[in-house]
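For reference, the structure discussed in these notes is given below.
The values are calculated or read from the model by the stated rules, or taken from the named source; none is laboratory data. In this text the structure is predicted, and so the values were computed from the model without any measurement. Cβ placement follows ideal geometry from the backbone for every residue including glycine, while neighbour counts extend to all protein chains displayed.
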Amino acid sequence: MQVQVPDAEALAVRILRGERSAVASGLNLLDNALPAARECATALLTALASRRWQDGDAQPNAQRDTHLIGITGPPGAGKSSLLAALIGEWRGAGHTVAVLAVDPSSRPEAGGGALLGDRIRIKRSEADDGLFIRSLASRHQLGGLANEVWPMARLLLACFDRVVIETVGVGQTEIDIAEIADTVCYVAQPASGDTIQYLKSGIMEIPDVFAINKADLGGAAHKTAAEVGRIASSKSAHPDRGEGWDYPVCLVSATHNTGIAELAVHLQRHHTYLLDSAQLMARRHRHQAAWLIRLLRDDFGHFGLELVGGRDALMQRFDQTAGDALTDYAQLRKEILSRFH
Amino acid sequence: MTTQREKPWLMRTYSGHSSAKASNTLFRTNLAKGQTGLSVAFDLPTQTGYDADSPLARGEVGKVGVPIAHIGDMDQLFDQIPLDQMNTSMTINATAPWLLAMYIGLAEKRGIDAKLLSGTTQNDIIKEYLSRGTYIYPPVPSMRMIADTINYTVKHVPKWNPTNICSYHLQEAGATPVQELAYALCTATTVLDRVMASGAISAAEFTPVVERISFFVNAGIRFIEETCKMRAFGEMWDELTRTRYQVSDPKARRFRYGVQVNSLGLTEPQPENNVQRIVLEMLAVVLSKNARARAVQLPAWNEAMGLPRPWDQQWALRMQQVMAFETDLLEYGDIFDGSPVIAAKVAELIAGAKAEIANVEAQGGMIAAIESGYIKRELVTSHMKRLRAIESGELKIIGVNSFTETAESPLMAGNDGGIMKVDPAAEREQIERLQAHRAQRNQADVDAALRALTDAAKGTDNIMPSSIRCAHAGVTTGEWGDTLRAVFGEFRPPTGIDISASAEPKGKANQVASLRARVAETGKTLGRPLKLLVGKPGLDGHSNGAEQIAVKARDIGFEVVYDGIRLTPQQIAQAAEEEGVHMVGISILSGSHMELVESVLQEMKARDLGQVPVIVGGIIPQEDADRLLASGVRAVYTPKDFDMNAIMCDMVNVIRRQYGLEPQGELVPAG
C-alpha cells in the first residue's frame, strides 16, 4: 500500500493558521514510523520552526503567549480533573489550549495495547474549538514518554497558547517531562504515601509548581502541603536550578473548583520568570537538543550517533545551532542515511 | 372452591413511548387488561434533564419512554386516571424530585390531597453512576436531593416510596448475587445515613423513613439461588434496620421490593426461548411467600431486539396472571421454611455479602468506593467472567452457544419484523408542543420560580417546595435541569475500565495470539499502532457493551480512546479528528441508532473524515442494520454476536479493507 504523505510546507501554513484538521494531520504524521513519513515529519517540524516557538525578538508577543506545561503526579491524584478545571480557567481568559494526555501501554507480551481514558475526564461538556486533546500511549519507553511527545508538543505550540502534557508520574516520566516542559507542575494527593516516596526519591528538583489536590479533605491536605512546602523551599532540593524562583505550593480542589485561579497565576508567574530571567529559550533549546538526539538514536541507534560525532558533540552542536537545530537535524539524518547506503 | 388465597402482588408493565397522549392510551388499555399498577418509562431527555429541542436530545425524544416536559404533559399522561386510586411507579432518578413535583402539582391542580398519592420514584442515583448512566449531578448534591425528597414525602406524601434502592441494574451490569446484596444494602444505608445527617427528622420519628425505603431487585435464571438471595435480603434488612437504625416494629423492618426480571440473559437468537426464561425467573420472586415481591413487571420476549409491541407486553402480563390466578401458589404458606438446603445457601450468601459490605465500609463507604472506581471495576470483572464463560461454552445459553439449530420463527414474520416502531414524527411533534407551551405561559412566574429554585439549591432549603412551584409556573424539564446544573455542576465518571484485567477465555489463547499479531502487523504496515475511538452518542447510559469492546480491543493491541457516554455526534467527530483514530466504534441501545448514526456520519464527512470507518453496536433490528450498512457504516454488531474474538477479527479486517490491505481469513477454531 502507498502511504499518503502531505506537503510539509502547505501543512505548516495551515497549522500556523490554527486549522484543526491540519493540526490533526500533522500529529498523525509525527506519529507515523514509515520512512517516507519520517522524512516528511522532519520537513514539517523545520517548516514550523522559527515561528511562534522561538524568534522572540521578531515576535515578542507571540513568544510570551506560548507556554508548555507538564503535569505529573501519582495515579489517583486527580491530575485530569485538575487539568479540566485549569482549562476552564484558561478558556475563560481567552487562551487556546492543547493537551497531550499520556496513558500507559500494556506490556508487549500482553498485546501492547492501551486504554486512553483521560479525554473523558478532561473534555468540556460543550463543544469548544479553542481546545484540542490528543491521547497518547506511552508505548514501550520503560515508563518514560514516547518519542512522539516532544515533536507533537512542538507542533501544538505553533498554534495554541497553552500546551499541556499530562503524564502518569512514575519513574522515567519524571525525568522525561523535565526535558520537555517550560514548567513542571506536580500534583500531589493528601495523605498518600506516593507523595512522600516522591519527595524522598531524589527527583524533587524537577517540579516548578506544586499543587496539593483534594484540599476539601481539610487537615490532611494542609499537612501534606506543609511537608511539600518544607522540602520544596529547602536549598538542597534545587542545587542548580531556579535562582530567584520560589517553588510555590498551592492547595486546590478540582471537585470544588477552589484554588484553581491561584494555580493558574503561579503557572503564569513561572512563565514570566523564565522570560524575564532569559531562561525560557535556553531551556527550550536544551530540551530540543536532548530530544533531537533521542530521535536520532531511536532511528539509527548508538552506532548512528557515533557516525556524526556522538552524543556530547551533538549536544553542543544543537545548542549552538539553536534556532536552526531542526534544519541541522534534517541534515544529520541525511548524512547518517547516506553512510548506511 | 373456597380455599383462602393470598392477595396477589401488584402487576405492572414498564411502559411509555412517543408522547403523553399515546402513553395515556397505552396505560388505560393495560389497566383494562387487568394490570393493577402503572410503571412509567420516561424518555432519556426527561431522565437527564433536557428539553426535546436540546441538541443532545436529537433522536431520543419518545424513544425509550414518554417525554414529559411540563405539568401539561403530566396532566395528559394521567388523563382519566384517578391519581388518588392509582399506584404509580416512576423509573426516574436524577430528575426524580422534578417529576415527583409535577405529579404532586398535578394532584393539587385536580384538588386531590397529596396524602392520598401512592407510588414510587426510583430516585436511586448510586446505581446510575455504576450502571444505568442517567446521572446529571455529582454525588454530594445528588444525595442531598434524595434526602430532600425523603424528608418531604415522609411529612407530606406519606404513602409514597420516595426512593427505590436498585440492585436490578447491578445484576444487569454483571453483579453476582453476593455483590447485588452487598451493594444494594450499602446504598440503602448511605441514603438513610444521609437523611439522618440532614437533621430534618428526629431520631424518634425515623421509623417511618426506614419503613418507606423500598427496593427494586433483579431475578436471573438461576432461580433457586435467586430465591435464596431474596430471603437473604429479607434477613439482612431486618437485622440492619434493627441494629443500625433501632427500628423496633418488625413490620417496619420488612424488606419491601419490586422486581423486573433479568434482561441481560434474554437472547436475540431463538427469541421464543425468552418466554420460558422469564417465567422461570418469576418463580424466584413469587415462590417463597416470606420473600415474595410486592410488585412484579416482566420484560417482553423480544426485548433483545427492540421495543415490545402492546401484544408482547400483554403476553408478559398474562404470565403473571396465570401464575397468580390459575396455579395454587397463593393457597400455601412459605414452602421453603425448614429446608436445610435453602437455609445453607441463604447463610452462604449472607456471609459473602457481609464480608463485601465490610470491605466497602473499610474504603470509606459506598460513595468513596464509587469515586475510586472500585465498585465499577468489581462489576466489570464479574461481567467479563460471565462473558468468558459463555464464549468458552462453560455457561450454556440455549440457542446461542448450544442447540443453535432452529426452524424459522413465525413470531418474527410480521410486517413489523416482530417489534414496535416509534412514530418518527413523535420528536417533531413534541418539540412543537413544547414551543407552544413556552409561548403561552407567564414568563415572569417562570423566572421567579426558577430564581426560588436556585436559592433553594444554593442554600439548605428542601428542593421540593420550590420544584412544585416551578411545576405550577409551567417550568420545563430542561429549565429545571439547567438551573440545577448551574448550581451543582455535572458528574464526571471514573471510567472504571482502565485497570480491569481481562484474562482470556479458556482454550482461546491461540486466537488471541493470532489477533495480536494481526493488529501489530496492520499497525506496522500503516505506520503507527491501530487506534480506535469508542463512545456512545445520545443519552442512553448503558455502557457495558462499549466498555467490553474497549477492553477487548486494548487486550489485542489497539490503542483505545474510551470517550464514554452522552456524546453529541459533533463531539464524536471532533474526538475522531483530534485523536487521529483508524476507526470509530459507537454503541447505542436506546433505539435511536438511525438518527444518531446518520448525524455522526454527517459530522465526520463535514470534517473530511469520511474515510475513517464507523462501526456500530447495539440493539439493532436486522432491517435497520441493513439500512445502516447501506448508508456507509462498515459493520453492525448486535447481541447475537457474542464471540468477541470474531468481532475483533472482523474489526481488524474493516480497517485493512479501508486502507487498501488484503483482509485476513477467519480465526482458526479455539484450541
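The rows are residues; the columns are (1) of a type in the set (D, E, K, R); (2) in contact with a helix residue (DSSP H, G or I) (Cβ under 8 Å, 6 or more places away or on another chain).
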| site | (1), (2) |
| --- | --- |
| B:Gly72 | no, yes |
| B:Asp79 | yes, yes |
| B:Thr88 | no, yes |
| B:Gly105 | no, yes |
| B:Asn123 | no, yes |
| B:Gly133 | no, no |
| B:Pro138 | no, yes |
| B:Thr149 | no, yes |
| B:Thr153 | no, yes |
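For the range A:4-20, a tally of residues being exposed (fewer than 15 other Cβ atoms within 10 Å of the Cβ) and facing another protein chain (nearest Cβ under 8 Å) returns 0.
Restricted to the range A:229-341, the set of helices (runs of 4 or more DSSP H) holding at least 1 residues that are of a type in the set (Ser, Thr, Tyr) comprises A:260-276, A:311-321, A:325-340. Report whether or not A:Asp7 is under 19 Å from the mean Cα position of the chain (by Cα), under 30 Å from B:Arg656 (Cβ atoms) and modelled with pLDDT of 90 or more. Here the answer is no, as A:Asp7 does not meet what is asked. Residue count for the range B:655-670, restricted to those that are part of a loop (DSSP other than H, G, I, E, B) and either away from chain A (no Cβ under 13 Å) or surrounded by 12 or more Cβ atoms within 10 Å (Cβ to Cβ) (or both): 10. Which of the residues belonging to the range A:85-103 are at the interface with chain B (Cβ under 9 Å from one of its Cβ atoms) and surrounded by fewer than 21 Cβ atoms within 10 Å (Cβ to Cβ)? Passing the criteria: none in range.
Checked against (1) away from chain A (no Cβ under 14 Å); (2) free of Cβ contacts under 8 Å to residues at least 60 places away in the same chain; (3) more than 14 Å from B:Leu100 (Cβ to Cβ), B:Ala486 passes all but condition (1).
Candidates A:Leu263, A:Leu267, A:Leu274, A:Leu326: the one that is in contact with a Ser or Thr (Cβ under 8 Å, 6 or more places away or on another chain), surrounded by 15 or more Cβ atoms within 10 Å (Cβ to Cβ) and within 30 Å of B:Arg492 (Cα to Cα) is A:Leu267. For the range B:530-546, the candidate set comprises residues that are farther than 18 Å from A:Ala101 by Cβ and surrounded by 24 or more Cβ atoms within 10 Å (Cβ to Cβ); within that set, the residue that is nearest to the other protein chains (Cβ to nearest Cβ) is B:Leu530.
One residue stands out in the range A:122-138 among those that are over 19 Å from the mean Cα position of the chain (by Cα) and within 7 Å of chain B (Cβ to nearest Cβ): the one that is farthest from B:Ala573 (Cα to Cα), namely A:Ser125.
Which residue is surrounded by the most Cβ atoms within 10 Å (Cβ to Cβ), if the candidates are limited to the range B:1-39 and must be of a type in the set (Val, Ile, Thr) and under 19 Å from B:Val261 (Cβ atoms)?
B:Thr13
Restricting the first member to the range A:210-225 and to residues that are buried (at least 20 other Cβ atoms within 10 Å of the Cβ), and the second to residues that are assigned to a loop (DSSP other than H, G, I, E, B) and at pLDDT below 80, the beta-carbon pairs closer than 7 Å and six or more apart or on different chains are A:Thr224/A:Ala191. Of all the listed residues (B:Asn123, B:Asn151), the sole one being closer than 25 Å to B:Met86 by Cβ and assigned to a loop (DSSP other than H, G, I, E, B) is B:Asn123. Return the residues of the range B:336-347 that are assigned to a helix (DSSP H, G or I) and touching a residue at least 24 places away in the same chain (Cβ under 8 Å); say none if nothing qualifies. Across the range B:336-347, the qualifying residues are B:Ile342, B:Lys345, B:Val346.
If the requirement is being of a type in the set (Gly, Ala, Ser) and either loosely packed, with under 13 Cβ neighbours inside 10 Å or at pLDDT below 90 (or both), which of these qualifies: B:Ala353, B:Ala362? Full working, then the answer.
Values: B:Ala353 fails: either loosely packed, with under 13 Cβ neighbours inside 10 Å or at pLDDT below 90 (or both).
The match here is B:Ala362.
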